[in-house]
Every structure is written in structure tokens, then in C-alpha cells.
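The values are calculated or read from the model by the stated rules, or taken from the named source; none is laboratory data. What you are looking at is a predicted structure, and each value in this text was computed from that prediction instead of being measured. Here the Cβ positions follow ideal geometry from the backbone for every residue, glycine too, while neighbour counts run over all protein chains shown. The protein model used for the area step is the full one, side chains on, heavy atoms only, and it has no ligands, DNA or RNA in it. Shrake-Rupley method; radii C 1.70, N 1.55, O 1.52, S 1.80 Å.
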Amino acid sequence: MAVSVLMSVYEKEKPEYFSRALDSIIYQSLQPDEIVLIKDGPLPGYLEDIIQEKMDIYPGFQVYQFEKNVKLGRALAKGVELCHNELIARMDTDDIALNDRLAVQYQYMKENPDVSVCGGWILEFNTEGTYQKIKKMPESKEEIRKYSKYRNPLNHMTVMFRKEEVLKAGNYRHFPFLEDYDLWTRMLALDRKFANIPQVLVKARTEENIYERRGGAGYCDRYMQLRKQQYASGLLRVHEYAVAILLTKIMTLQPSWARKQVYRRLLRK
């Protein structure tokens, strides 16, 4: 059973982050069988140079080019289709995978064939070196299902999933900033089993603008669509739906500085 790694890069990625992310996958203790890299629209020359440099080191690249930027959900959907292996690990192009990440998840998925998706903890950090905290996640199927009613139950950049199960749920789709939560909701509605490994698998880069992106009227509207979907699928009961709506509005419509404090002080360890 081999592993594919799925990544998507677009023109605004910083070259030093991109290079480090690729290295953290290429030099894993358990090397992936292939890296499926989706180029989401035209890339500047310096990013193309990095891709060529890494392809010279690691021959297992499969690169697909979109003529224009189609956004992450559509890019990942294409990537899932292109992956040749049943096990697919997601990786962001600005994060750093710990050296044994793939080995740990591969062994877990091999020993637990009933699990459709497994994730893990992340160590969030900023470039300035002034912030570092661990984001832990619920572990069991029951804990994850309960957690998913109000918050995303998986750290997206850590997940490894079974391709067949993702395709059965309809694959990724265009759902800006909530592409993964949308997919997990549909998989949970099909009663698929999720798990989180209780250890840090990825160092996740956290820039200041993340707190702005996770708020505002547009972001709130998209979250309301997701809540409606959760209610329609039976994931949320009536009173849970009401609570989810309230909590979502509080989090997304408060000032970004307040949201930052909630994330860093209350939702992280």
C-alpha cells in the first residue's frame, strides 16, 4: 500500500516557504510513492524554478497545470482524481511536515482499515518566532463527531485519507476557506470513521492575516451555508443548529483582533 501526497500551489506562495514544504515531504522517513502537485493558475518563474529543482531530486512528481486560478477546492478535487494510490496525504505549500509524519499515518491507516480519514495535531508558529502553540484535536470517532458540530474536526494540512471514500462523498468542491470542513461534513453524514493521532505531525505557519480571513460578512455567509448543510444531513439537531449558528456569528463577525485572542488564548494549548 503506497502513499500519494497532494499539494496545490498558486502564484502568491512565498518561494522560501514552498521550498521548505517540499523538502519536508521529499525527505520523509517513509518516502511517498508520488507527489501530485496542482499548479492553480500560472506561476512566477521563481516558483517554477523551485518545482524543477525538486523534480531533479525526486522523480515521483506528477504536475498538473490549470490555465487560470480555480481556487483550492477545485484544484484539490482534480488532484484527488489524479492520485494513483488509495492513501492520499494532504500537505500545504507553506507548512513543514515532521520527518516521520507519513510513516506514522501510513502505519495507523494500515492497522485501522475502517478509518476513512486520520489527522493529527499541529504546532502553529509564526515567522518572527514570537508565537508557538499546539492545536490538539479530539481522537475517537464519537469525540470527533461531537466536535464537528461546532468546529472543524481535523487539521486539514495533517490528514491522510482513502481516495475511494472521498470520491464516494463527492470529493472536494468549491467552498472558499471551508473546502475541507465541507468535505468532512458530507463524509460524516455517510457515517465514515475519522480519527486523530495524538501527536504533532505538521508545523503550521500562522501569519497575522489568517485572523482577518476567518471573519467578515462573506465568510459568515459561507459558514451559514455549511451549518444548513449539517442540519439537513442530520449531523445537527434543531437545538444544536441554533447553537452552531450563534457561535459562528460571534466568531466570524467580531473584530479580527478579538478573534485572534480567542484562537490563541482559548482554542490552543
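Taking only the C-alpha atoms of region 141-250, Rg followed by Dmax gives 14.1, 37 Å.
Taking a straight line from the alpha carbon of LYS71, these lysines sit under 20 Å away, with near neighbours fewer than eight places off in the same chain left out: LYS12, LYS14, LYS39.
What shape does region 73-183 take by its C-alpha gyration tensor, where a ≥ b ≥ c are the square roots of the eigenvalues and a/c under 1.5 counts as rounded, a/b above b/c as prolate, and the rest as oblate?
Taking the square roots of the gyration eigenvalues as a ≥ b ≥ c, region 73-183 is rounded.
At 1.306 mPa s and 10 °C, plugging the Kirkwood radius over alpha-carbon pairs of region 104-153 into Stokes-Einstein gives what diffusion coefficient in µm²/s?
In µm²/s, the coefficient is 123.
Per residue, the Cα convex hull of region 1-133 amounts to 116 Å³. Computed 3J(HN,Hα) for region 139-146, one whole-Hz value per residue from the Karplus formula 6.51 cos²θ - 1.76 cosθ + 1.60 where θ = phi - 60°, is 9, 7, 4, 5, 5, 5, 4, 5, glycine and proline marked x. For region 1-136, the share of accessible area belonging to carbon and sulfur comes to 49 percent (1.4 Å probe, ligands and nucleic acids excluded).
With coordinates expressed along the principal axes, the C-alpha atoms belonging to region 141-186 extend over 24, 23, 19 Å, beginning with the largest. When each of the peptides 102-109, 44-51 is scored by the mean number of other C-beta atoms lying within 10 Å of its residues, the order from highest to lowest reads 102-109, 44-51.
Once you have the Kirkwood Rh of the chain from its Cα pairs, apply Stokes-Einstein at 25 °C and 0.890 mPa s and quote D in µm²/s. Don't skip to the answer; put the middle values down first.
Details: Rh = 19.0 Å.
Roughly 129 µm²/s, to the nearest whole number.
How many Å² of accessible area per residue for the chain, probe 1.4 Å? Write down the numbers at each step before the final one.
On the way: 12400 Å² over 269 residues.
Using a 1.4 Å probe on heavy atoms only, each residue of the chain averages 46 Å².
Using Cα pairs closer than 8 Å and at least 6 residues apart in sequence, work out the relative contact order for the chain, in percent. Before the final figure, lay out each step's value.
Numbers: 482 pairs, mean separation 54.7, N = 269.
Relative contact order of the chain: 20 percent.
How big is Rg to Rh over region 58-106, alpha-carbon atoms, Rh as the Kirkwood inverse-mean-distance radius? With Rh from the inverse mean 1/r over Cα pairs, Rg/Rh is 0.98.
A straight Cα-to-Cα reach below 17 Å connects LYS193 with the lysines LYS110, LYS141, LYS146, LYS149, LYS163, LYS168, residues fewer than 8 places away in its own chain not being considered.
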